[in-house]
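This report refers to the structure that appears directly beneath it.
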Amino acid sequence: AQTVTQSQPEMSVQEAETVTLSCTYDTSESDYYLFWYKQPPSRQMILVIRQEAYKQQNATENRFSVNFQKAAKSFSLKISDSQLGDAAMYFCAYRSVINAGGTSYGKLTFGQGTILTVHP
Amino acid sequence: DGGITQSPKYLFRKEGQNVTLSCEQNLNHDAMYWYRQDPGQGLRLIYYSQIVNDFQKGDIAEGYSVSREKKESFPLTVTSAQKNPTAFYLCASSLYGDSGANVLTFGAGSRLTVL
């Protein structure tokens with residue numbers, strides 16, 4: 001079974017600065033998807049960014065980018081020019097590509113989460 | 001607007017009672033999921049369903065039951081057999097298939113407290 005580990009329970013950053021959230025995972029699969037989800041105080045889970053393991057290029061979405069190190073099984077999230085609205089719990093998640101029983105499903109395995117505080 | 005509606009937002013239950021959490025989606029998604037969130041443990045999968053009238057157990061299905069009679073609806077019943085039901089419950093859905101666009105869309109969650 002796959003596991004996802006976020007070793008930083010809490011992180012903080014000054015507004016306009018850059019912060020990196022860490023995520024490592026364990027898998028024997030060669031192809032898979034990785035995600036970062038954001039959960040603000042409203043508790044609504046919001047997709048931040050996703051990465052397909054077979055793609056060498058790191059994904060980028062505006063101020064959010066990832067550093068995907070497949071051999072090291074590491075998937076960190078970098079937030080540039082941090083804003084007050086970035087304050088949230090961030091979850092790293094893993095999804096297999098392998099089908100189960102001939103069908104596909106989107107089951108995600110989540111890390112424990114990192115609480116990000118942004119200071120004005 | 002398309003989305004997932006979970007109700008109730010807050011629910012209180014006495015020990016020994018069954019409660020049902022509602023999840024409705026109008027995204028025309030095939031697959032639906034229930035996750036449980038506890039502090040410090042991230043999200044854990046309870047049940048998932050890929051098509052109507054079919055569902056599979058997730059990692060922590062004991063004490064829970066589900067049904068999928070309609071594509072749009074995936075209610076979760078927390079039974080009296082669930083030993084520690086106080087938690088935040090999230091429903092999600094996704095398109096059938098394994099394309100890169102097959103990401104999960106989440107509802108706003110339901111907070112269950114056992115008194």
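Every number in this text was worked out from the coordinates using simple rules, so none of it is lab data. Quantities reported herein were computed from a predicted structural model and do not represent experimental measurements. Cβ: placed from backbone, ideal geometry, glycine included. Neighbour counts: every protein chain shown.
Using r as the Cβ-Cβ distance of B:Glu69 and B:Ser7, and R0 as 30 Å, what FRET efficiency do you calculate, to the nearest 0.05?
0.95
Rounded to whole Å, give me the distance from the Cα center of the stretch A:1-44 to that of the stretch B:29-86.
Value for the Cα centre distance between the two parts: 23 Å.
Tally Lys/Arg at +1 and Asp/Glu at -1 over every other residue whose Cβ is under 9 Å from the Cβ of B:Gly109; what's the total?
Cβ neighbours under 9 Å give a net charge of +3.
Please report the net charge: other residues with Cβ closer than 11 Å to the Cβ of B:Leu90, K and R +1, D and E -1.
+4
How large is ³J(HN,Hα), in whole Hz, for each residue of the stretch B:80-94 in order, when computed from phi with the Karplus curve 6.51 cos²θ - 1.76 cosθ + 1.60 and θ = phi - 60°, using x for Gly and Pro?
5, 6, 6, 6, 9, x, 5, 5, 9, 10, 10, 9, 9, 9, 7
Would you tell me the mean number of C-beta atoms belonging to other protein chains that fall within 10 Å of each C-beta in B:54-62, as a whole number?
For this peptide, the per-residue mean of nearby foreign Cβ atoms is 1.
With the cut-off at 21 Å, tell me which of the pairs A:Lys73/B:Lys57; A:Lys55/A:Lys78; A:Lys107/B:Lys57; A:Lys73/A:Lys107 have Cα atoms farther apart than that.
Beyond 21 Å: A:Lys73/B:Lys57.
Under a crude label model (7 Å from the Cα following the beta-carbon direction), how far is B:Thr113 from A:Thr60 in nanometres?
Modelled inter-label distance: 4.6 nm.
Just tell me how shielded A:109-115 is by partners: mean number of partner chain Cβ atoms within 10 Å of each residue's Cβ, no decimals.
4
If Lys and Arg each add +1 and Asp and Glu each add -1, what is the summed charge of the other residues whose beta carbon sits under 11 Å from the beta carbon of A:Glu15?
-3
To the nearest whole number, what is the average tally of beta carbon atoms from other chains within 10 Å of the beta carbons of peptide B:38-51?
For peptide B:38-51, the averaged partner shielding equals 4.
Let me know the shape class of chain B, please: from the alpha-carbon gyration tensor, a ≥ b ≥ c as square roots of the eigenvalues, rounded when a/c is under 1.5, otherwise prolate if a/b is greater than b/c, or oblate.
Since a/c reaches 1.5 and a/b is larger than b/c, the shape of chain B is classed as prolate.
What's the exposure ranking of A:His119, B:His29, going from fewest to most Cβ atoms within 10 Å?
A:His119, B:His29
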